[in-house]
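What follows is a set of notes on a single structure, which appears directly below.
The values are calculated or read from the model by the stated rules, or taken from the named source; none is laboratory data. Note that this is a predicted model, so its numbers are computed, not measured. Here Cβ is always computed from backbone atoms with ideal geometry, including for glycine, and neighbour counts include all displayed protein chains. Please note that ligands, DNA and RNA were not included when accessible areas were found on the heavy atoms of the full protein model with its side chains. Shrake-Rupley method; radii C 1.70, N 1.55, O 1.52, S 1.80 Å.
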Amino acid sequence: MVDFFNGALTSKGGRAIFALTSRNREGKPNILISVRKRPNQFSLWESVTTVVTEYGSVNMKGRSVRERAQSLIDIAHPDDRAGLVAEAKRRKILYPDQIFLSESAHLYPAEIGFQQTFRENIEVRFRALKPSDEENMRQLFYRLSDKSVEYRYFYPIKTMFHSDIQEYVNVDYRHSLSLIGLPDAPDCDRIVAEARFDRLSLQDPYAELSIMVDEAYQHVGVGTYLCRMLSRFAQERHLKGFTADVLTENTKMHHVLKKMGWNMKTQRVGGVNRLTMDF
Ligand SMILES: CC(C)(COP(=O)(O)OP(=O)(O)OC[C@H]1O[C@@H](n2cnc3c(N)ncnc32)[C@H](O)[C@@H]1OP(=O)(O)O)[C@@H](O)C(=O)NCCC(=O)NCCS
């Protein structure tokens, strides 16, 4: 086993992939907080690049113990995740206030996964946001310029606390959908765009749209594409349209929305355009 890992890691472009089912043949969890008491265990956890189960794949390279735990929990069997979160909190691997939405573990839209080539041949792959994306989501926030932060959040935020970002990444997929874009490079978890819609209740025919694109990926079509894809998923969920609050001076976002061709009503409140858009 050690030779396999070493061989993979020292070969050009090599990576060590550990693939297993989330549960064994007896229906017991394969993803555990500790394997110390297990036979044939090895302690080369730094050597594994990627872990794969039927619930997805996660990149472990360069991640902290907390991030690794959260990533592995995300690909554990959905019925095992609550127990793993509780145990990880007990062992102080996860923060004591770590949120866990048990229904979201079942509702995560794993079927959403696509790739698109944008202007300048920029390739981006897309999937739904999950709790283990917390750190990469925070990094996207810190890479945004002050202007982009103001356009997205309406006031200057300098710090993204764990308590805020974890609420953001623990998406309640009954009411919301969050799509993220990642560069098309192996083991690259950098989030370069996020677009989401949130509705207050299942009866609400409109959901609130919000979007942000990494400055380095702006102006190549990512924002436009994400709005289009989100509206497609929204229509599949029987939504009538989106609402959005957009600063009047945010001409770029207004331009993107205009391109959608949606039937738009605008109410101006101070420096904000309150938009209601029917698909
Ligand atoms: C608004 C935002 C999402 C757009 O993302 P993007 O990936 O750059 O969008 P696209 O590349 O698809 O389209 C940008 C369009 O704006 C146009 N544009 C660029 N600068 C502009 C400006 N100052 N005024 C008007 N349009 C402008 C571009 O020409 C392009 O249109 P085209 O494709 O018809 O040529 C992105 O700029 C962003 O994240 N901004 C900060 C956060 C934000 O404003 N969020 C919206 C509030 S929720």
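Of the chymotrypsin sites (Phe, Trp or Tyr not before Pro) found in the range 120-226, those in coil by DSSP whose Cβ has at most 11 other Cβ atoms within 10 Å are F161.
What 222 nm value per residue comes from the helices of the chain, counting each DSSP H run with n ≥ 4 as -39,500 (n - 2.57) and dividing by all residues, nearest 500 deg cm²/dmol?
Values: 9 runs with 88 residues, N = 279.
Roughly -9000 deg cm²/dmol at 222 nm, from the helical runs in the chain.
Taken about its Cα centre, the range 114-247 carries a charge dipole of about 380 debye when Lys and Arg each add +1 at the Cβ and Asp and Glu each add -1 at the Cβ.
Length gained on full extension, E103 to A82, computed as 0.36 nm times the residue gap minus the Cα-Cα distance: 6.5 nm. Taken over the alpha carbons of the chain as equal point scatterers, the Debye sum produces base-10 log I(q)/I(0) values at 0.13 Å⁻¹ of -0.95. Taking a ≥ b ≥ c as the square roots of the eigenvalues of the Cα gyration tensor, the range 102-164 is oblate, since a/c reaches 1.5 or more and a/b is not larger than b/c. Applying Stokes-Einstein at 10 °C and 1.306 mPa s to the Kirkwood radius of the range 2-98, computed over alpha-carbon pairs, gives a translational diffusion coefficient of 112 µm² s⁻¹. Mean separation of Cα pairs under 8 Å and 6 or more residues apart, divided by the residue count, gives the range 113-278 a relative contact order of 18 percent. Simple point charges give the picture: +1 on the Cβ of Lys and Arg, -1 on the Cβ of Asp and Glu, and for the chain a dipole about the Cα centre of about 200 debye. Estimated at the nearest 10 Å², the accessible area of L72 is 40 Å² with a 1.4 Å probe. Take the chain with all the other protein chains still there, run a 1.4 Å probe, and you get 54 Å² of accessible area per residue. Compactness of the range 178-279 was expressed as the Cα radius of gyration divided by 2.2 N^0.38 Å, which yields 1.11. Within the assembled protein chains, the solvent-accessible surface assigned to H219 is about 130 Å², based on a 1.4 Å probe.
The distance between label points at T159 and F279 comes to 4.1 nm (points 7 Å beyond Cα on the Cα→Cβ vector). When V65, V124 are compared by accessible area of protein heavy atoms, the largest-first order is V65, V124, using a 1.4 Å probe.
A simple spin-label model places pseudo-atoms 7 Å from Cα toward Cβ; at K252 and L9 they are separated by 4.0 nm.
Considered as an equivalent ellipsoid built on the Cα gyration tensor, the range 62-133 has semi-axes of 29, 15, 8 Å, the largest given first. Using a Gaussian network model of the chain in which every pair of alpha carbons under 10 angstrom is joined by a spring, one finds that among G56, G181, G241 the greatest mean-square fluctuation is at G56.
Given the pairs K37/K89; K92/K130; K147/K265; K12/K158, which span a C-alpha to C-alpha distance of over 28 angstrom in this model? Listed pairs above 28 Å: K12/K158. A probe of 1.4 angstrom, applied to the heavy atoms of all protein chains, finds I157 with accessible area near 40 square angstrom.
With 0.36 nm allotted per residue and the present C-alpha distance subtracted, the R91-R36 stretch has 18.4 nm of extension available. What is the calculated FRET efficiency for H219 to V52, with r their C-beta to C-beta distance and R₀ = 35 Å, to the nearest 0.05? Approximately 0.50, to the nearest 0.05.
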